[in-house]
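Have a look at the structure below before the remarks.
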Amino acid sequence: MTETEEQKGSSVDTYTAPQSDSLIHYKYDTQSYIQHFKITLQGKIIEYYEDEYKNIVSKEIKIGEPLVNDCGFQAIVNRIQSICNSQNVHGNLSDQSLYQNYISKLRFNINDEIFVNRKEWGILVRNYEYIIDSIMDSLSLFLTRTINNEERKSQMQSRYVETNTVQNNRGSFLGIGKR
């Protein structure tokens, strides 16, 4: 979008600068977010350490038993991916009450899905609430980005203003001196 304003012999062109690819990728890449759920459901943690070349390296470490079987794992990860993605974060829950209603309905639906399928998905009673709370704690924080269109607004915060001086003197060459 470009706007030009003429003011006393100069023009100001204002346009929204595209954010760098790495920034956009960082803001909208949900893979690391979803990876957190995968690791948790599999009974693992990620440990970070520095190798001999001073590179940061990650390693998955098994710390317990998986919280769900393969069928439950895939179903829960698919559900999380359907909510936690770059398209949904551009939604607009126009106020806090719509957000609260959505989160309440989402918690009810996820609770219901997990309860109904808990035996087929190999979920132990002692892990049931932990799984639901882990999912909802993270998703509710992720989805706050949709309240009052804040995610779209944050994209528009990168503004670039360029000023070009326009000489009104006809006798100048490239704006340098007068003929």
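The values are calculated or read from the model by the stated rules, or taken from the named source; none is laboratory data. The model shown is predicted, which means the values in this text are computed figures rather than measured ones. Glycine also receives a Cβ, built like all others from the backbone with ideal geometry; neighbour counts cover every protein chain displayed.
Points worth noting:
- Only residues that are part of a helix (DSSP H, G or I) and surrounded by 12 or more Cβ atoms within 10 Å (Cβ to Cβ) were counted in region 116-132, giving 6.
- One residue stands out among those in region 81-92 that are modelled with pLDDT of 75 or more and surrounded by 14 or more Cβ atoms within 10 Å (Cβ to Cβ): the one that is nearest to Ser138 (Cα to Cα), which is Cys84.
- Inter-residue pairs, beta-carbon under 9 Å, first touching a residue at least 60 places away in the same chain (Cβ under 8 Å) and in region 56-76, second of a type in the set (Gly, Ala, Ser) and part of a loop (DSSP other than H, G, I, E, B), 6+ apart: Leu67/Gly43; Leu67/Gly122; Val68/Gly122
- Selection of region 77-106 for residues being without any contact (Cβ under 8 Å) to a residue 40 or more places away in the chain and assigned to a loop (DSSP other than H, G, I, E, B) yields only Gln87.
- 1 or more residues at pLDDT 65 or above, surrounded by 10 or more Cβ atoms within 10 Å (Cβ to Cβ) and under 20 Å from the mean Cα position of the chain (by Cα): qualifying strands (runs of 3 or more DSSP E) within region 1-59: none
- Residue-level check: of (1) over 15 Å from Cys71 (Cβ atoms); (2) touching a Gly at 6+ places or on another chain (Cβ under 9 Å); (3) modelled with pLDDT of 95 or more, Glu120 misses just (1).
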